Structures are given as C-alpha cells and as structure tokens.
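The values are calculated or read from the model by the stated rules, or taken from the named source; none is laboratory data. These numbers come from a predicted model, not from an experiment. Cβ coordinates were reconstructed from backbone atoms using ideal geometry, including for glycine residues, and neighbour counts include every protein chain displayed. Accessible surface areas use protein heavy atoms only, side chains included; no ligands, DNA or RNA. Shrake-Rupley method; radii C 1.70, N 1.55, O 1.52, S 1.80 Å.
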Amino acid sequence: MSYMVIMPVVLPVLLGIVLLLVPERIFANRKILINMTGVSFLLCAALSCFVISGAAGDEFILISQILHKVPVFFIIDNLGRLFAGLVTLVFVLVGFFSLSYMQNEEHEKRYYGFYLITYGVIMGIDFAGNIVTLYLFYELMTIVSMPFVLHKGTKEAVMAGLKYLIYSFCGAYMALFGIFFLYQFVPVFSKGMGLGMPYVWAFEEGGWYVMGLAAESGNSGLALVAAFLMILGFGVKAGLFPLHAWLPTAHPVAPAPASAFLSGIIVKGGVFAIIRTVFYCFGADALRGTWVQLVWAVLAIVTLIMGSSLAFKEKVLKKRLAYSTVSNLSYILLGLSMLNTTAFVGSMLHVVFHAVIKSALFLFAGALIFNTGRTKVNDFIGLAGRMPILYWCYTIVSLGLIGIPPTSGLVSKWYLAVGCLESGLNGISWIGAAALLVSALLTAGYLLPISIKGFLYAPVDSSLITKYHEPSPLMLVPILIFAALTIFFGLCPAPLISFISGIAAPLM
C-alpha cells in the first residue's frame, strides 16, 4: 500500500493551513508571500502529476472506517485521472494569474490559503473510492470554497455566500437521502474493484445491479426516487434548473480568478458526483428508459436554453459568463442523460474543453477589471487596440465555446448532438440536438459582440483609453496557454477521445 496516493489531497491542505496560520507580519514583504505561494502551487501540481501518472506505485489506500462495513478510502481509476489532471492544469494556471491579480485585493494571504485547501479537497473527490468518501469531500468542497464568494466582505458578498451555502447544502442533503436508501435497502458491498477486500462499498463500472436488488425487496420505485434525488442534488453544484440561481449571484462578487476556478472546476464536482452515481452505483441500464432519464434530460434542456438566453440579455460581464456556465454545464448533463457511449464521450470532452475555455474567459474578464476597474460589457468598447493579444485570446476561446472549427468546442458538440440522436429518447433526442444548435447561436450572440466592439468600434472615452495596456505576463501567459489548448484540442482530439472512449466502454 502506497501512501503517495493520499499526498495530492493532504499536501495542498496542509500548505493552505500553514498560509492561513502564519502571521501577516511574516509577509510584510509581498515577495515572500508570492514566492512561497508559487512554489506551493508547483510542488502540489508536480506531486499530483506523479501520482496520476501511476509512478507512485499502488493506487489504493484505506483511510478509516466511519460506518459499519463502509470505509473511507481512495482509489485512482481513469475517470479520476481525467478529472484530477484537468483540475491540476486549471489550478496552476489560474493560481499564477492570481499572484498578479490579487496584489490590489485585501486578504490576499487568506485567498491563497483557501485556494490550496480547495484544490486538495477536490482531489479528494476525484480519488474517492466509494460514494461515502465522495460525499464527505463534496460537502467539504462547499465549505472551503465559500470564502471565495465571501472574499470582499460586502453585504452583497455575504448574501451571495449564504445563497451558495444554502443551495449547496440543500442539494447535498437530497443526495444524502439517496445514499441512505442505498445503505438501508440495497446493502450491496462490492469486491472493491478487484482489491480483494471484503465488504468494501466501492464504485463498480456499470453499477451494482441496484434496481434488480431493489425489486427483490419491493423497493424499485423508491430506488428510482433515490436516483433522481441524487442526480438533482449533485446537479445543484452543476447549475441544474431549478437550483441554479447561486451561480450568477456568486460569480460577480468573487475575485475573477476565483470565478475561473469556480466555473472551470468546482462546478465539475457536481458532474463528477453524478457520473459516479449513475454509472458506478445504479448503472446506466437501471435508469435507461425510466422516468428518471426523461426528467433529467428535460431539466438539462430547459437549463441549457435558459442559461444561454439569460447570458444573452446580461450586461455585467462576469454575470454573463456565469449564466453561460449554467448553460454549458447542461450540455454535459444532457449528454450524460442520454446514457449512451457517444453522448458520454461528448460530455467528457466538454468537461475538459469547457474548463479550459471558461477559465480563460473569466481570466479575460479579470484582466479587464484589473486594468479598468469597470465591470459592464459596454465599458470595454474599443479596448482591443490597447490590448490586442488579450482580445485575440478572448476571440479564440469564444469561438471554441460556440463550436467554430478548428477549435475544440466543435468536437464535443458534434459528439453530443450525435449522441442525442442515437438515444431515441421519446422525441427528446431531436429536441436535445436542436437545443444544442440554438444555444450555440445564442452563445455567438453574447460572446462575439465583445470582440467586434473591442476591435472595430471607437472608444467611448478616448481621453482615458490611452492609460490601458496589456496585462502583466503573469496574467497574460495563462490566458495564452488556455487559448492555445482550445485550438490544440480542436486539431488533435484523437488521443483524448480514445482515452475517454476507454472509460465509457465498460459503463454502458
């Protein structure tokens, strides 16, 4: 047994706690804080990459046993590797952007401390070996990420933080009901994914045949209710209607790099939990053709169109991007609800591409706010002449989110649309494919005008525009890397598609 498996969780949490506890006077010289934080980012990322690659040796570790025959343990599979690798990429790039952006913000040390802790907790979700372990870290993720929303300490920030907390806990409690059902009525204990451990309540590829066991005990109807509540509950973090309202409230008050991490990564925690619930606990066969699948798909379509429509109307840039996140997370949930391999591959591709693109978009917004102090879309007219590299990066990632070749968004949306049509889900398949097209048009309507007005329109206030300039390299380079990845994944998606297809095959 190798304890290296737990280190990507433990190390960032410990480093974050150290930052929080060290007195402010130690960092009277800001360079000390920046150097210490930057080294912490690189150390955590290097350790995570070492473990994800399999170089650490064994891929299992038992932590404790808090319930009868239900241990808390970590195990690394390919799904966990995919999400953990994505989390690490965004963590490092957004983290280094933060080192420049946060210089004018209060409570900078506190921000870095919770940023490191949040990263460690999310890695705990990705490596969770069973639904109980996942749930524990899922709840922790809400608690340790809430300081991002509360960061400014204003009344608006406090109210947004409370809203985030209440919505997240309500969703988590719905999911907890499903876990109670599984524990009480379907006492299935797997072989621990081949680990040879008795009574390990572990995830299993393809599920545990829950519905068959529930039918034997006369609880098949309750099993479907439990599955739906778990999907809806974990879907709160992913912005699923009708419990999506926390997202557009939380993003505008959080620092821009925190918004990038929230939108690019933290919301994916809900997606990851749904995948584990549907495909590793209940099983796709158990839900295929049931009312759960139908309602799940309908909610995803409603959220998809609603989020794009609200983004189209929104004038505050970060709030517009928040509504865009609501819409794009529903692309992923719609694909998962189709319960077929093609749509699953499309969803996983969109998980990766959306994390890259939306992180870049929020960092773009942060760079503009940092330079201008303004927040509304019409405040940035004519700025591209002063910030051409920044605006070209924004244009590239915007085309990616719309799905214009040769960017990555086209690949994921193609798989999603084909997957919807293959599902044959009572007419919903065609509606889902059409909704993807409508949403893409709305996405073009709320993203491209920012580029057009930035490059082609004259500045509103020419006397002030001359003081604006490209952001610092520490802010610009992460955005450049995200833009480059948007094109790279569009031109060379085959390795990623092959890897995800390998994950999907045993689940269907």
Classify segment 354-508 as rounded, prolate or oblate from the Cα gyration tensor: take a ≥ b ≥ c as the square roots of its eigenvalues, call it rounded if a/c is under 1.5, otherwise prolate when a/b beats b/c and oblate if not. prolate
So how compact is the chain: Cα radius of gyration and Dmax in angstrom? 22.1, 76
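Give me the 1.4 Å probe accessible area per residue for segment 65-179, excluding ligands and nucleic acids, in Å².
Details: 3600 Å² over 115 residues.
With the other protein chains kept in place, segment 65-179 gives 31 Å² per residue.
Given a 1.4 Å probe, how much area per residue of segment 359-459 is accessible, in Å²?
Values: 3910 Å² over 101 residues.
Averaged over the residues of segment 359-459, the accessible area is 39 Å².
Just to be sure I understand the rule: take each whole DSSP H helix in the chain, project its Cα atoms onto its long axis, keep it if the span is 18 Å or more and its mean Kyte-Doolittle hydropathy is at least 1.6. Which ones pass? Mind showing how you got there, number by number?
On the way: long enough: 7-21 (21 Å, 2.83); 30-52 (33 Å, 1.68); 78-101 (34 Å, 1.66); 108-127 (29 Å, 0.32); 131-150 (29 Å, 1.81); 155-185 (45 Å, 1.09); 220-235 (22 Å, 2.17); 291-313 (33 Å, 1.70); 317-337 (30 Å, 0.50); 341-372 (46 Å, 1.49); 388-402 (21 Å, 1.64); 409-423 (21 Å, 0.81); 428-456 (41 Å, 1.68); 473-491 (27 Å, 2.44).
Qualifying helices: 7-21, 30-52, 78-101, 131-150, 220-235, 291-313, 388-402, 428-456, 473-491.
Pop out the carbon and sulfur fraction of the accessible area of the chain as a percent, whole number, probe 1.4 Å.
Working: 12350 of 17890 Å².
Answer for the chain is 69 percent, counting heavy atoms of protein chains only.
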Taking trypsin sites (Lys or Arg not before Pro) as exposed when in a DSSP loop with at most 12 other Cβ atoms inside 10 Å, the chain has its longest clean stretch at 70-314
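Keeping every protein chain present and rolling a 1.4 Å probe, give me the accessible area per residue for segment 298-347 in Å².
21
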If you take the beta carbon distance between residue 10 and residue 165 as r and set R0 to 25 Å, what does 1/(1 + (r/R0)^6) give as a FRET efficiency, to the nearest 0.05? 0.50
Full extension between residue 32 and residue 77 adds, at 0.36 nm per residue less the Cα distance, a length in nm of 12.4 nm
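When the chain is fully extended, how far beyond the present Cα-Cα distance does residue 49 get from residue 389, taking 0.36 nm per residue of separation?
Numbers: separation 340, 0.36 × 340 = 122.40 nm, distance 3.01 nm.
Length gained, residue 49 through residue 389: 119.4 nm.
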Shape call for segment 2-44, from the Cα gyration tensor axes a ≥ b ≥ c (a/c under 1.5 means rounded, otherwise prolate when a/b beats b/c, else oblate), comes out oblate
Note: residue 24 to residue 484 extended length (0.36 nm per residue) minus current alpha-carbon separation gives 161.8 nm
Can you pull the Kirkwood radius for segment 64-180, inverse mean 1/r over Cα pairs, to one decimal in Å? 15.8
Using a Förster distance of 45 Å, how high is the FRET efficiency between residue 106 and residue 452, based on the Cβ-Cβ distance and rounded to 0.05? 0.80
Distance in nm between label sites at residue 42 and residue 3, each 7 Å beyond Cα in the beta-carbon direction? 2.7
